[in-house]
Amino acid sequence: RESADTEALFATVLAVRDAFNAAMEPQRAAGALTKSAEAWAHVDAPIAAEHAELLREALIAARVTLTPAAQVAVRVERAPGQKCARSWFVREDVGADPEHPTLSAPQAAVVRELIRRGAVVPVEVV
């Protein structure tokens, strides 16, 4: 049963991805969006709301709003915020960390941890 549920979930994710790609084309053609990492996808689909992050990752989108529905429908617009210099996703929290003003909050935390571990050396910007 679990395998059938997983297969059904991923079949729906693939259908959403196809609808997302189709919705992105007019945005790209108009120059409103160039990459999916700039997009906010409003998705209606037969998927539980807890899978919104899975959809965001599958679509490589900046943001996903998921509304459970019987049929798949996707609307795309530009996500609010700025592009993170590390992840390249458009996010509203870019610059929230004054030590890393070009990074989103999660990416700033990762960089801070890498510096703490000595895995990277901080670069002083002049």
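A few comments on the model shown:
- For segment 84-114, filtered to residues that are buried (at least 18 other Cβ atoms within 10 Å of the Cβ), closer than 24 Å to Leu33 by Cβ and not polar (S, T, N, Q), the residue that is nearest to the chain's Cα centre (by Cα) is Phe89.
- Candidates Ala39, Ala22, Ala61 - the one that is more than 21 Å from Val94 (Cα to Cα) and without any contact (Cβ under 8 Å) to a residue 60 or more places away in the chain: Ala22
- For Val64, the criteria (1) open to solvent by 60 Å² or more (accessible area, probe 1.4 Å); (2) aliphatic (A, V, I, L, M); (3) within 12 Å of the chain's Cα centre (by Cα) hold in every case but one, which is (1).
- Answer from Ala52, Ala73 - the residue that is modelled with pLDDT under 95, out of contact with any Phe, Trp or Tyr (no Cβ under 9 Å at 6 or more places or on another chain) and either open to solvent by 40 Å² or more (accessible area, probe 1.4 Å) or not β-branched (Val, Ile, Thr) (or both): Ala52
- Exactly one residue among Thr102, Thr12 is closer than 30 Å to Val121 by Cβ, among the polar types (S, T, N, Q) and outside any strand (DSSP E or B), and that residue is Thr102.
- Looking only at residues in segment 28-49 that are open to solvent by 50 Å² or more (accessible area, probe 1.4 Å) and assigned to a helix (DSSP H, G or I), the one that is modelled with the lowest pLDDT is Ala49.
The values are calculated or read from the model by the stated rules, or taken from the named source; none is laboratory data. Worth saying up front: this structure is predicted, and the values here are computed from it rather than measured. Quick reminder, even Gly has a Cβ in these numbers, built from the backbone with ideal geometry, and neighbours come from all protein chains shown. Just the protein is used for accessible areas: all its heavy atoms, side chains included, with ligands, DNA and RNA removed. Shrake-Rupley method; radii C 1.70, N 1.55, O 1.52, S 1.80 Å.
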